[in-house]
2 protein chains.
Amino acid sequence: MTNSLLTLLLLGFSLVSLFAQQPISITSPNRSIAVAVGLTSAGELTYQVRYKNKPILEPSRLGFALSKPQVALTRFTITGVDSTRRDETWKPVWGEVSQIRNHYTELLLSLQDKSGSGISLRVRFRVFDDGVGFRYEFPQQMALTHFIIADELTQFRLAADHRTFWMPGDYDSNEYLYNFTRLTEVDAVTAADKEKDTALKTVIGPNAVQTPLLFKTADGVYISLYEAALRNYPVMHLQLDKPTLTLTAQLVPDAVGNKAYLQTPAQTPWRTLIISDKATDLLASKLILNLNEPSTIADPSWIRPQKFVGMWWEMHIGKATWEKAGGKHGANTQNVKKYIDFAARYGFDGVLVEGWNVGWEDWFGNWKEDVFDFVTPYPDYNLDSLTAYAQQKGVRMIMHHETSGSVTNYERRMDAAFQYMNKQGINTVKTGYVGRIIPRGEHHDSQWMINHYERVAQKAAQYRIMIDSHESAHPTGLHRTYPNWLASEAARGSEFNNAPTLGITPEHTTILPFTRLLGGPMDFTPGLFRFKLDQFDKTRTTRVRTTLAKQLALYVTIYSPLQMAADLPENYEKHLDAFQFIRDVPVDWDDTKVLAAEPGDYVLIARKEKGAANWYVGAITDENSRDLSLSLNFLEAGKTYEAVLYRDAPNADWDTNPEAYVIEKKSVTAKTKLSLHLANGGGCAIQFIRR
Amino acid sequence: MTNSLLTLLLLGFSLVSLFAQQPISITSPNRSIAVAVGLTSAGELTYQVRYKNKPILEPSRLGFALSKPQVALTRFTITGVDSTRRDETWKPVWGEVSQIRNHYTELLLSLQDKSGSGISLRVRFRVFDDGVGFRYEFPQQMALTHFIIADELTQFRLAADHRTFWMPGDYDSNEYLYNFTRLTEVDAVTAADKEKDTALKTVIGPNAVQTPLLFKTADGVYISLYEAALRNYPVMHLQLDKPTLTLTAQLVPDAVGNKAYLQTPAQTPWRTLIISDKATDLLASKLILNLNEPSTIADPSWIRPQKFVGMWWEMHIGKATWEKAGGKHGANTQNVKKYIDFAARYGFDGVLVEGWNVGWEDWFGNWKEDVFDFVTPYPDYNLDSLTAYAQQKGVRMIMHHETSGSVTNYERRMDAAFQYMNKQGINTVKTGYVGRIIPRGEHHDSQWMINHYERVAQKAAQYRIMIDSHESAHPTGLHRTYPNWLASEAARGSEFNNAPTLGITPEHTTILPFTRLLGGPMDFTPGLFRFKLDQFDKTRTTRVRTTLAKQLALYVTIYSPLQMAADLPENYEKHLDAFQFIRDVPVDWDDTKVLAAEPGDYVLIARKEKGAANWYVGAITDENSRDLSLSLNFLEAGKTYEAVLYRDAPNADWDTNPEAYVIEKKSVTAKTKLSLHLANGGGCAIQFIRR
């Protein structure tokens, strides 16, 4: 690294009197984003961020409180300043695009604690054209080996009272709807109280919110505040101080109130800001991935994006049960054979089966440790014969490991469980963490659990197994490092369509790409073709609040290498023409164009199939109907494509007429412009096949 | 079961007006002990105990507070009374005696909670001639499936302010010296504060004490208050209310303050009282073992009592280090070969090696989770070659698994660790739990850890591995159920001879048999032949406060199927004549006679070698010299024995002349009477070889 570059990058920040010395500044490669770091006269370290010369973060504190050794790391001497620049391109194993550019300038500050502890640390800033990441690093040193973080003091002081998309801060659940208010109007406890259908909530307090947190400034700048590469550290929630518009890191505590146990050399996750005045660019950002480490899997040839059906939704809507007792056990051999037949007939890779193993009769809400063993099927479920049957038909079973939060139990049995999968030729597992965590006192978001999720990814990779984790902590781009970790839930997914209180609002899926999906693929389980959920229980008033065409479009707007066709075979067989889109839509892409988007309103995305010339488009809207114009200039010039449009019928409406769709074929070129009409709660899915 | 027996057993208890109805009474087979149970007019359930018509426990409450469901189980209706009697004999896999009589009367009370919860439970009393055990049982029932115990309300209300041997109540350590005061003079915090050498203390409070707790009444009755068959439940400590002389169960909480998570059918451990007016009978009691379940190991042929030497004491006294760095690493191949040679030369079964594996450089006090992997030797330690070398010489290595309290880590790695032992042909492991427990918030004595220790015993049995657990919870007779769990430390052992503050007092080993040893074998590691511990560090003032002869006698007075010869080979080689006793003394017995004993003063025990005609005697005293007469009527009548006495020399004294011993041979018969002179802090060990 060289200091000459730093000089080059020094920017004319307005010098605030706060700074005891001239702040150290760095700008992004295209100079749109600038970060300035400095010490106050008291020795406190602050940073600030500007975008196109507008303040994004006012000077905001950096630092820690350690409980072992008991030191407040808040006043520093700067002992070194290094800067560098990197511009590289890398190829993900799978993804929205086939290659990703990682282009940033970097500032590395070396710091010495002024309190006399002798502790040195570093802060590393990476400034991209679409945002900023910074993290703390604790080098190996005599003054600090094993240490305990009591609190991370990092602040994000906003420049104005922005409109904000937020969820209540919660140590155990990220399955909330998003709220949209001014920042100063956050009221997390009231919002959480409205959520009656979340089984386990550990709400932090009235002014605590989750990340990713999305702001839209008065002059149209979108800011996503998040974290990347969350490893060996708890989730960062944020505590809001309304008078100063300041958000302070609120790390998730463990059973005894500590936040993190670290050993030098150590580092925190990256604290990230994605910043753009174009909503579409924010959606397209690869900043989170770029801040993660490269893949640890040398030979990823066994990792395969996939689509699956499964024994799951019929339990949610009351046709069947997970547990054996009661006479409606879903995962019986005959029933699952039908799913295998259906998957084979329509070309799906996998069949998920929930409720297959002993333990379901005795798990929910019991906080029981020794619950599932992950290798004992119910007596009416013959897995041996089913895996053989599926194999004949070219379909793979997908394993389900519901832990019920009893993670100590899972860790004891994980080797045996993965060995059982290997024996059965099953190479994908959906994991689940419903309920309070064991070790008791830990949370879904605490450091111990973050390490657990990573251990699962590592161990699964040893067994060549792919992971789809549910009820896990929010993803932060670790699928780059562990590409066998295909997807996670970690948000309110389609299952909430059957939740009686708030359900899935029409706008929810237009917010997800701006928030949760920035961290990684989601197993949202779209594809519901029946909208009133009283098929097997006439008393149910729950319903799906989209049109059918929007359900199809979600396969494009919600990126994941693992997509479920979530509805029942019999519901698909009533609409085989529309079902064709789910059969055709890929789960891996060479390219992605975010064409139009506004959080809470609409999303329009085009993606090019991996290794093929075909494109797919998804357009979705919130509760309002909308007309979007679609220029096809992303298609290859001079070629003709057959466009198959799956669109809302003119009289479609999520509320009154959700099943009204039209399938229309057109011949188009790159010069064609389409006008897409989306119904209230509607959408449009389009396949472009190159001729 | 029959009620007629109950009628038979009804005893003329003086009816206290407290009882709303006539109390239900039961007596031991020989009628020396009587228990009466009844309801107060408010519906509270109490029990009382009498011994030879003297009150042992005044009416004492029984009951629970549950937190899930939230119910106080304190007022009951008696819905059933059953009684039975059993008289059987069983054979332990190994032990102090070759067969054990289990002879008791039983009273089973069925109870219905009066608060309206619908919960039913039972209390089962077993009354032996040498004591009482009772436990709670929660049958499977609609009204109660999964439940959480907030508090066990069991009380023990004593009849007088007895002289008491007690240790401070502590959730993490049982390595205290015993205090001897009136019950009302208990001051646990002050006592604990004096203990400077215990690395981890979690003292409960000024009036909390541990079990086993020993009382001696004014009229000479000895009472041991303890528990048996501690499984799936936390350790019971006791909270003292001085004005009422009442001890109340204080269960060890978990990370969130709960005490136990149970699922019906469930039961508590037995709460036990061993009662006798003969101290020797209390020591000989098999009540704790009788209240445990039979062995779960169908083929115990691989379980072998054994003696061992090892790489251990030289670390304590500063000759070597556990960790690799620093140039004094003990567990190097050459050094360990010397121990193997020594073990082979003198006929020891095993060689323990501590500090053999990577991790010691980075463990103590760091509360680090991912610390040892249990399969990676230090580079200077060639385990492969050593196990082969040992095998040639007819010696087995003993494995060491120090967890440093990181139990989640150990559980993850246990299978690999035991597989590694199988591969190396090592069939015994010393486990260690030094330091704060992970899962953080758990304690050495909490339910989660109690389950862990049992899981280790179970899993080890699957691998045909024997266990010697250190820093584990107090044993409660589970070695009957898991005879591969040979021994545990779970008390202040010989290593404290090197502790600078209090060390091992001369009286300590005369109290252990009346307290800790009632629960099971202890790996005390006796056999120290050098008394000033400045051999390798001239600044050390620590010392062993016994005579050499007493060190030998401890092999008889401290029963264990696993005994270490703890000192360095070079120290033994200076006293090979005395060392001969350690070589000869068995670790498994056909019979045991406790001939004389007084807690805190002296112990005299004779044991007959398993499968042989020879007898061994151990006699020890506290700091006072003592003359004990020894009638040899336990020897086979009409036979002649050669007695080899290892006794204190006339001028021996633990303080001034500990190494002065005399070895004397005599021809004796069953009619011989010996007079044994024990020096201050002295002892005598005798071998009787039948001619």
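Taken together, the residues in the stretch B:432-442 that are buried (at least 24 other Cβ atoms within 10 Å of the Cβ) and either touching a His at 6+ places or on another chain (Cβ under 7 Å) or more than 9 Å from every other protein chain (Cβ to nearest Cβ) (or both) amount to 2.
Select from the stretch B:59-75 the residues that are assigned to a strand (DSSP E or B) and either of a type in the set (Val, Ile, Thr) or open to solvent by less than 50 Å² (accessible area, probe 1.4 Å) (or both) and list them in ascending order.
B:PRO59, B:SER60, B:PHE64, B:ALA65, B:LEU66, B:SER67, B:VAL71, B:LEU73
When the stretch B:626-638 is filtered for residues that are closer than 15 Å to B:GLY682 by Cβ and open to solvent by 60 Å² or more (accessible area, probe 1.4 Å), only B:ASP627 remains. Scanning the stretch B:234-259 for residues that are within 14 Å of chain A (Cβ to nearest Cβ) and either under 24 Å from B:LEU517 (Cα atoms) or crowded, with 24+ Cβ neighbours inside 10 Å (or both) yields B:PRO234, B:VAL252, B:ASP254, B:LYS259. Flag: B:PRO234 matches the condition of being within 15 Å of B:ASP445 (Cβ to Cβ) and either more than 17 Å from the chain's Cα centre (by Cα) or assigned by TED's automatic domain parsing to the domain that holds B:THR202 (or both). Scanning the stretch A:443-455 for residues that are facing another protein chain (nearest Cβ under 10 Å) and open to solvent by 10 Å² or more (accessible area, probe 1.4 Å) gives A:GLN447, A:TRP448, A:ASN451, A:ARG455.
Filter the stretch A:31-58 for residues that are assigned to a strand (DSSP E or B) and among the basic types (Lys, Arg); which is nearest to the chain's Cα centre (by Cα)?
Initially, the stretch A:31-58 is screened for residues assigned to a strand (DSSP E or B), giving A:33-40, A:44-51, A:54-58.
Remaining after also requiring among the basic types (Lys, Arg): A:50, A:54.
Numbers: A:ARG50: 26, A:LYS54: 29 Å.
Per the stated criteria, the residue is A:ARG50.
Can you tell me which residue within the stretch A:267-284, out of those that are part of a strand (DSSP E or B) and surrounded by 21 or more Cβ atoms within 10 Å (Cβ to Cβ), is nearest to the other protein chains (Cβ to nearest Cβ)? Per the criteria, the residue is A:TRP270.
Applying a threshold of 6 Å to beta carbon distances and a minimum spacing of six or more residues, or different chains, the list of pairs starting in the stretch A:404-417 at a residue that is within 10 Å of chain B (Cβ to nearest Cβ) and ending at one that is assigned to a helix (DSSP H, G or I) and of a type in the set (Asp, Glu) reads A:ARG412/B:GLU411.
Mind telling me which of the residues B:LYS114, B:LYS91 ends up being under 28 Å from the mean Cα position of the chain (by Cα) and either open to solvent by less than 30 Å² (accessible area, probe 1.4 Å) or more than 25 Å from B:PHE215 (Cβ to Cβ) (or both)?
Numbers: B:LYS114 fails: under 28 Å from the mean Cα position of the chain (by Cα).
Testing whether each residue is under 28 Å from the mean Cα position of the chain (by Cα) and either open to solvent by less than 30 Å² (accessible area, probe 1.4 Å) or more than 25 Å from B:PHE215 (Cβ to Cβ) (or both) leaves just B:LYS91.
Looking only at residues that are of a type in the set (S, T, N, Q) and not in a helix (DSSP H, G or I) in the stretch A:323-358, which one is nearest to B:LEU144 (Cα to Cα)? Taking the candidates together, the pick is A:ASN357.
Note down all Cβ pairs under 9 Å where the first residue falls in the stretch B:671-686 and is over 20 Å from B:GLU636 (Cβ atoms) and open to solvent by 50 Å² or more (accessible area, probe 1.4 Å), the second is among the small types (Gly, Ala, Ser) and assigned to a strand (DSSP E or B), and they're at least six residues apart or on different chains. These pairs meet every condition: B:SER675/B:SER629.
One residue alone among A:ASP380, A:ASP384 is touching a His at 6+ places or on another chain (Cβ under 9 Å), more than 30 Å from A:GLU152 (Cα to Cα), away from chain B (no Cβ under 14 Å) and open to solvent by 10 Å² or more (accessible area, probe 1.4 Å), and that residue is A:ASP380.
Taking first residues from the stretch B:202-220 that are without any contact (Cβ under 8 Å) to a residue 24 or more places away in the chain and in the same structural domain as B:ALA192 (by TED's automatic domain parsing) and partners that are assigned to a loop (DSSP other than H, G, I, E, B) and of a type outside the set (S, T, N, Q), the Cβ contacts under 9 Å between residues at least 6 apart in sequence or on separate chains come to B:PRO206/B:VAL186; B:PRO206/B:ASP187. Among the residues of the stretch B:544-567, at least one is under 19 Å from B:THR510 (Cα atoms) and of a type in the set (Lys, Arg).
Among residues of the stretch B:88-101 that are assigned to a strand (DSSP E or B), those with a beta-carbon under 8 Å from a residue that is open to solvent by less than 40 Å² (accessible area, probe 1.4 Å) and charged (D, E, K, R) at least six positions away or on a different chain give the pairs B:ILE100/B:LYS286; B:ARG101/B:LYS286.
Looking at the stretch A:6-41 only, could you name the residues that are open to solvent by 50 Å² or more (accessible area, probe 1.4 Å), among the hydrophobic types (A, V, I, L, M, F, W, C) and at pLDDT 55 or above? Full working, then the answer.
Residues of the stretch A:6-41 open to solvent by 50 Å² or more (accessible area, probe 1.4 Å): A:7-8, A:10-12, A:14-18, A:20-22, A:30-31, A:41.
Imposing the further condition that a residue be among the hydrophobic types (A, V, I, L, M, F, W, C) reduces the set to A:8, A:10-11, A:15-16, A:18, A:20.
If the condition is that a residue be open to solvent by 50 Å² or more (accessible area, probe 1.4 Å), among the hydrophobic types (A, V, I, L, M, F, W, C) and at pLDDT 55 or above, then A:ALA20 is the only one that fits.
Here is a list: B:PHE180, B:PHE128. Which entry is over 24 Å from B:THR79 (Cα atoms) and open to solvent by 10 Å² or more (accessible area, probe 1.4 Å)? I'd like the intermediate steps shown before the answer.
Values: B:PHE128 fails: open to solvent by 10 Å² or more (accessible area, probe 1.4 Å).
Testing whether each residue is over 24 Å from B:THR79 (Cα atoms) and open to solvent by 10 Å² or more (accessible area, probe 1.4 Å) leaves just B:PHE180.
Scanning the stretch A:582-600 for residues that are closer than 27 Å to A:TYR222 by Cβ and either surrounded by 22 or more Cβ atoms within 10 Å (Cβ to Cβ) or out of contact with any helix residue (DSSP H, G or I) (no Cβ under 6 Å at 6 or more places or on another chain) (or both) yields A:TRP589, A:ASP590, A:ASP591, A:THR592, A:LYS593, A:LEU595, A:ALA596, A:ALA597, A:PRO599.
The values are calculated or read from the model by the stated rules, or taken from the named source; none is laboratory data. Owing to the predicted nature of the structure, the values given are computational and were not obtained by experimental measurement. Positions of Cβ are generated from backbone atoms using ideal geometry, with glycine treated the same way; all protein chains shown enter the neighbour counts. Just so you know, the surface numbers come from the protein's heavy atoms only, side chains and all, with ligands and any DNA or RNA stripped out. Shrake-Rupley method; radii C 1.70, N 1.55, O 1.52, S 1.80 Å.
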